[in-house]
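S.K.: Structure below; questions to follow.
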Protein chains: 2
Amino acid sequence: MTQMEAEHYKFGPYKIDPSEVFFSTKFSYALVNLRPLVPGNFIHVLVCPRRGVKRFVDLTADETSDLWCVAQKIGGQLESYHNASSLTFAIQDGPQAGQTVPHVHIHIMPRKSGDFERNDEIYDALDKKEKELKQSLDLDKERKDRTPDEMSQEAAEYRKLFM
Amino acid sequence: MTQMEAEHYKFGPYKIDPSEVFFSTKFSYALVNLRPLVPGNFIHVLVCPRRGVKRFVDLTADETSDLWCVAQKIGGQLESYHNASSLTFAIQDGPQAGQTVPHVHIHIMPRKSGDFERNDEIYDALDKKEKELKQSLDLDKERKDRTPDEMSQEAAEYRKLFM
């Protein structure tokens, strides 16, 4: 068991299985997403501060810097690993921006030409299952859960990129 | 004329009038947006590195840290100034993610309950004018230009927040 695997991670109220974490620093960690977007092979990972703060403004300068240096590194590696050509980075910072888990997190999504017919459909896809909700919740919202095995496997692949 | 007003700013190929810049540091600057979103009073500003690099991965660690510490500060001030309750932060990093100006920039949008009926409509609004384009360009795309006066006035208001 590596050190990373022995550690514990919290994401808001949720305990994150270390097998789903593929990169971490003193201040931040990166995890695969329980509910990736449709289409099914669309990649979508999260980067969080280790400290469970709700709003971006509550991070210290060290946490903010580390979080985004980690996001930069992960974005670069995943774009290349998935033969993508662009990246979407987003923070939904607070409930009115679509945040559902009260723990700051960056969404990172490698993008390719034609991954969504119109670029905006990435957001429609995020919303597909809750058209009926008045305030739909984009990137954080309920989608089909993957199995722990699927998630561990993806994280294991990504972990190798940072060795 | 303050020091900020005497400086020159470039945003990709465009020269930015200093009256549209409301905050700057050694590495970064913040500007009001030429084409804010509909509905009309929706707030939408940009934060850029001073160095005109295209992709987020090309920023140095100092530039990355400064850019996001500036975004954090500006987000906090604008959320409070506009009586908002959340923030959307996004980077469209590369053409396939909707980037049209080849210069890294963070979109910051203070959000309120009900600002869009469904949270995702923020993206539909961004896209409204180019449904016909196969690859629509979200946050960067053509919208109605504001006058230089309108922009200077908004920037002047914001500049006071950081004095």
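S.K.: Treating the point 7 Å from Cα along Cα-beta-carbon as the label, what are the nm separations from residue A:113 to the other copies, to one decimal?
M.R.: Distances between equivalent label points, in nm: 4.6.
S.K.: Would you work out what percent of the accessible area of region A:67-117, with all protein chains in place, is carbon or sulfur (probe 1.4 Å)?
M.R.: 43
S.K.: Taking a label point 7 Å out from Cα toward Cβ, give me the nm distances from residue B:145 to the same spot in the other copies, shortest first, one decimal.
M.R.: Copy-to-copy label distances for residue B:145: 5.3 nm.
S.K.: Another question, then. Over both sides of the A-B contact, add up the buried accessible area with a 1.4 Å probe and give it to the nearest 100 Å².
M.R.: By this definition, chains A and B bury close to 3700 Å².
S.K.: Could you tell me the accessible area of residue A:80 in Å² (1.4 Å probe, neighbours in place), rounded to the nearest ten?
M.R.: That residue has around 80 Å² of solvent-accessible surface.
S.K.: Could you pull the copy-to-copy label distances for residue A:15, with points set 7 Å along Cα to Cβ, in nm to one decimal and sorted shortest first?
M.R.: Ordered by distance, the counterparts are at 6.2 nm.
S.K.: Let me confirm one metric for peptide A:61-69, namely the mean number of other chain beta-carbon atoms within 10 Å of its residues' beta-carbons.
M.R.: For this peptide, the per-residue mean of nearby foreign Cβ atoms is 5.
S.K.: Considering the zone a paramagnetic label at residue A:26 would reach in this model (a point 7 Å from Cα along the Cα-to-Cβ line), which residues of region A:42-69 have amide N under 13 Å from it?
M.R.: It comes to A:61-67, nothing else.
The values are calculated or read from the model by the stated rules, or taken from the named source; none is laboratory data. Keep in mind that what you see is a predicted model, and the values were worked out from it rather than measured. Note that we place each Cβ from the backbone using ideal geometry, even for glycine, and neighbour counts take in every protein chain shown. Areas reflect the complete protein model, heavy atoms only, side chains present, ligands, DNA and RNA absent. Shrake-Rupley method; radii C 1.70, N 1.55, O 1.52, S 1.80 Å.
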